[in-house]
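Scroll down for the structure; my scribbles are underneath it.
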Amino acid sequence: MDTDIQIYVTDREGKRHALLAPTDMQMNLMEVCKAYELPVEGTCGGMALCASCQCYITSSHILPERSEDENAMLAEAFHVRDTSRLGCQILMTKELEGLEVTLAPEA
Amino acid sequence: MIKTDILIIGAGPTGLFTVFEAGLLKLKCHLIDSLPMPGGQCAEIYPKKPIYDIPSHPEILAGDLIKNLEAQIAPFQPGYTLGEHAVSIEKTEEDQFVVTTDQGTQHQAPVVAIAGGLGTFEPRKPPLENLEFFETKGVNYIIKDPEYYRNKKIVIAGGGDSALDWTIFLEPIASSVTLVHRRNEFRGALDSVDKVQELKNAGRIHLITPAEVTALKGKDKLEGITITREGATEDLVCDAFIPLFGLTPKLGPIANWGLEIEKNAIKVDNSLDYQTNIPGIYAIGDVNTYPGKLKLILCGFHEATLMCQSAFKRIYPEKRNVLKYTTVSGVSGFDGSQKQAAKSTIKSID
């Protein structure tokens with residue numbers, strides 16, 4: 001469908017998955033991963049309160065800036081890098097066509 | 001040995017509501033939870049977040065939902081074993097289950113309802129080399145006895161309420177308190193942030209930000225830590241390190257109870273009563289799975305209700321029972337309390 005975008009998620013074993021993500025369902029990256037049954041827990045349900053959906057952005061897409069909540073949670077998460085984001089805070093939009101991310105280790 | 005009719009593992013919203021539905025059927029309940037307070041995720045992860053999909057509550061804070069549930073079930077006098085987690089389960093010859101906690105507390109019941117959510121909350125541990133070696137030798141994630149820290153040099157890491165609260169609490173007890181956080185901003189109650197600011201201004205605590213603890217040192221026990229701040233490292237002598245990075249749920253020992261597990265959840269018969277593959281053990285709420293499962297509080301309430309009807313038949317196979325409506329029968333508490341709809345007023349018009 002023309003509202004879908006293609007994104008790529010590399011799991012913790014290094015396997016790359018091509019996923020079709022709808023942009024008209026208010027879905028975030030954590031939810032798309034869960035919909036494809038990738039090992040993303042999403043413990044807090046998407047409130048930026050657990051960091052179980054932390055991932056590293058490996059493509060050059062420009063994402064909306066981190067919110068205060070996301071910054072605060074990442075400051076208490078582990079294995080954090082400059083490219084770290086919480087998947088639950090990244091809304092699927094057309095601009096993210098071709099997005100590449102790698103799941104951060106479980107903490 | 002604590003004896004009850006339904007032993008509920010997990011005191012989140014689903015476990016709490018089970019007490020109400022069981023109470024209407026005159027069944028007594030006891031709850032076990034690893035957290036020191038009832039509420040599960042609602043209390044531990046998001047007490048201040050609003051929930052919008054509880055029927056008849058256009059909006060309710062998770063913490064208030066728990067308070068309301070506690071009030072609703074109070075007439076049925078549930079027992080609690082808090083701050084302990086269920087470790088093992090055994091079946092007796094009399095068809096009863098005996099559940100033992102990590103602290104050795106034993107509970108016996110003919111029916112066990114696992115309402116364990118995503119599992120037992122365990123501390124999130126920073127990825128530091130030798131961390132496990134130093135556990136109980138200077139590294140602790142939970143403060144059980146503050147007196148243990150008297151006249152000790154302690155380092156606390158974290159940026160949330162527990163890091164702030166324990167810094168404030170331990171400051172007069174310990175000989176020195178150092179708080180380390182990766183950024184200058186703290187996410188906690190404003191009062192606590194202000195208080196820590198005061199303590200820092202008065203020179204009563206050391207605040208090191210933006211920084212993190214990157215190594216632990218010591219021979220037989222913790223003797224010091226390394227702090228990395230903007231690329232530079234510095235060593236600090238200390239007796240104790242308390243990393244407070246929140247809790248994360250793990251299914252834990254329940255996974256080894258012989259229950260059918262699928263994708264980290266317990267398989268149940270959703271066409272009937274949410275019973276597991278072991279008769280007498282039910283699983284309700286976020287902890288279970290079945291085709292079409294939705295992890296929603298409102299679904300947990302429904303599952304608890306059906307489960308209690310089945311539990312009643314299991315406990316009293318000979319007793320006839322029909323569903324009663326609270327609007328008709330009211331609520332008769334085990335504490336002698338009685339709630340009943342007011343009688344209608346009948347008055348003639350002359």
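Rule-based calculations on the coordinates, nothing more; no lab input. If you're wondering where the values come from, they're calculated on a predicted model, not measured in any experiment. Heads up, the Cβs are rebuilt from the backbone with ideal geometry, glycines too, and the neighbour counts pull from every protein chain shown.
Of note:
- For the protein assembly as shown, the alpha-carbon coordinates run over 85, 64, 64 Å along the three principal axes, in decreasing order.
- Rounded to the nearest Hz, the phi-derived 3J(HN,Hα) couplings of region B:257-264 under the Karplus curve 6.51 cos²θ - 1.76 cosθ + 1.60 (θ = phi - 60°) are 8, x, 8, 6, 10, 9, 6, 6, where x marks glycine and proline.
- Electrostatic dipole magnitude of the protein assembly as shown [Cβ: Lys, Arg +1; Asp, Glu -1; Cα centre; debye, to 20]: 960 debye
- Å³ per residue enclosed by the Cα convex hull of region B:49-165: 205 Å³
- If you plug the beta carbon distance of residue A:15 and residue B:191 into 1/(1 + (r/R0)^6) with R0 = 41 Å, you get a FRET efficiency near 0.30.
- Considering helices alone, the calculated mean residue ellipticity of the protein assembly as shown at 222 nm is -5500 deg cm²/dmol, with DSSP H runs of length four and up weighted by -39500 (n - 2.57) and normalised per residue.
- Average projection area in nm² (convex hull over Cα atoms of region B:123-282, one quarter of hull surface): 13.1 nm²
- Considering only chain B, percent of DSSP beta bridges that pair antiparallel, nearest 5: 50 percent
- Considering only B:34, B:332, B:310, the mean-square fluctuation computed in a Gaussian network model of chain B, springs between alpha carbons under 10 angstrom, is largest for B:332.
- Cα centroid separation - region B:218-252 against region B:10-28, whole Å: 41 Å
- Beta bridges per DSSP with both ends in the protein assembly as shown, % antiparallel, nearest 5: 55 percent
- Reported value for region B:122-200: 104 Å³ per residue, from the convex hull of its C-alpha atoms.
- Across peptide A:44-53, the average count of Cβ atoms from other chains found within 10 Å of a residue's Cβ is 4.
- Residue B:220 versus residue B:345: modelled label distance in nm, points set 7 Å from Cα along the beta carbon direction: 8.1 nm
- Largest mean-square fluctuation among B:208, B:156, B:143, in a Gaussian network model of chain B whose springs join Cα atoms under 10 Å apart, belongs to B:143.
- Applied to region B:93-105, the Karplus parametrisation 6.51 cos²θ - 1.76 cosθ + 1.60 on θ = phi - 60° returns per-residue 3J(HN,Hα) values of 5, 8, 6, 10, 9, 10, 10, 10, 8, 4, 9, x, 6 Hz, with x for Gly and Pro.
- Counting only Cα atoms, chain B measures 84, 63, 38 Å along its principal axes, largest extent leading.
- Estimated D of chain A in µm² per second, where Rh is the Kirkwood radius over Cα pairs and Stokes-Einstein applies at 20 °C, 1.002 mPa s: 158 µm²/s
- Per the Debye calculation on region B:94-138 with a single equal scatterer at every Cα and no solvent contribution, log₁₀ I(q)/I(0) for q = 0.17, 0.26, 0.29, 0.30 Å⁻¹ amounts to -0.74, -1.04, -1.12, -1.13.
- Residues considered: A:76, A:41, A:31. Largest GNM mean-square fluctuation over chain A, using C-alpha springs under 10 Å, is found at A:76.
- Put simply, the C-alpha atoms of region B:50-113 give a gyration tensor, and the ellipsoid matching it has half-axes of 32, 14, 12 Å, longest first.
- Globularity index of region B:231-342, i.e. its alpha-carbon radius of gyration over 2.2 N^0.38 Å: 1.68
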